[in-house]
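Below: the structure, in structure tokens.
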Amino acid sequence: MPPPTFIRDSRDDDVAAITRIYAHHVLHGLASFEETAPPPEEMARRRADYLAQGYPYIVAERDGRVVGYAYAAAYRTRPAYRFAVENSIYIDQEDRQGGIGSALLPALIERCEALGFRQMIAVIGDSANAASIGLHAKFGFRTVGTLAAIGWKHGRWVDSVLMQRALGTGDSAAPAHGSPRT
């Protein structure tokens, strides 16, 4: 049984761990379509930008060590998309299979619902990424499409799987006045 996972808002001093975790996925995986791992200064800038826009950026901590992180950002920038967010989750390679994604994703969903967002989109790199697809399905996401061979990475064509989940009341009612991003 793995030790308990603590979910909290990210802090500035988490950037080194976030950078390390993301670098592994960039350099060795297909979850990100970046090909060069960004330095800590760039990761800090990105995090600060998302936070300044009012999006959640959280980490999973186990035994005092950051073992994963997740954040939400604009799905698209045009105004009609302002109630939709795209989620991103990255887990430390050494801590996969430890339930970290199952701790991070519902916490991120809860924060996004509290902010008034109505739809969450997951853009999952690689249609063979059963772990991420399964994680999202476990928390109510449904597959809405696949962009076949949309990226070229590690010497092969890679798909993107699009999954979607309603947040809060979803599309059953008009959004409340004063959206999260107006």
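The values are calculated or read from the model by the stated rules, or taken from the named source; none is laboratory data. From a predicted model like this one, the values you see are computed outputs, not experimental measurements. Here Cβ is always computed from backbone atoms with ideal geometry, including for glycine, and neighbour counts include all displayed protein chains.
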Residue match in the range 164-177 (condition: charged (D, E, K, R) and either modelled with pLDDT under 95 or buried (at least 18 other Cβ atoms within 10 Å of the Cβ) (or both)) | yes
Might you let me know whether the range 114-124 holds any residue that is of a type in the set (Gly, Ala, Ser), within 18 Å of Arg20 (Cβ to Cβ) and in contact (Cβ under 8 Å) with a residue 12 or more places away in the chain?
-> no
Take Gly134 and decide whether it is surrounded by fewer than 16 Cβ atoms within 10 Å (Cβ to Cβ), free of Cβ contacts under 8 Å to residues at least 24 places away in the same chain, closer than 22 Å to Ile7 by Cβ and out of contact with any strand residue (DSSP E or B) (no Cβ under 7 Å at 6 or more places or on another chain).
-> yes
Phe141 is checked against (1) touching a residue at least 12 places away in the same chain (Cβ under 8 Å); (2) farther than 24 Å from Ala60 by Cα; (3) surrounded by 13 or more Cβ atoms within 10 Å (Cβ to Cβ) and fails just one. What number does that condition carry?
-> (2)
Is there any pair with a first residue in the range 5-26 that is surrounded by 16 or more Cβ atoms within 10 Å (Cβ to Cβ) and a second that is of a type in the set (S, T, N, Q) and part of a helix (DSSP H, G or I) whose Cβ atoms are under 7 Å apart and which are 6 or more apart or on different chains, and what are they?
-> His24/Gln93
Go through (1) in contact (Cβ under 8 Å) with a residue 40 or more places away in the chain; (2) part of a helix (DSSP H, G or I) one by one and return the number of the condition Gly54 breaks.
-> (2)
Tally of residues being free of Cβ contacts under 8 Å to residues at least 40 places away in the same chain, surrounded by 21 or more Cβ atoms within 10 Å (Cβ to Cβ) and not in a helix (DSSP H, G or I) across the range 86-105 | 1
Note: among Gly140, Gly151, Gly101, just one is closer than 17 Å to Val26 by Cβ, modelled with pLDDT of 95 or more and not β-branched (Val, Ile, Thr), namely Gly151
Test Ile124 against the stated conditions and say whether it is in contact with a helix residue (DSSP H, G or I) (Cβ under 6 Å, 6 or more places away or on another chain), part of a strand (DSSP E or B), at pLDDT 95 or above and closer than 23 Å to Arg8 by Cβ.
-> no
List the pairs whose first member sits in the range 67-82 and is over 15 Å from Ser32 (Cα atoms), whose second member is loosely packed, with under 15 Cβ neighbours inside 10 Å and at pLDDT below 95, and whose Cβ atoms are under 7 Å apart, counting only residues at least 6 apart or on separate chains?
-> Arg82/Ser179; Arg82/Thr182
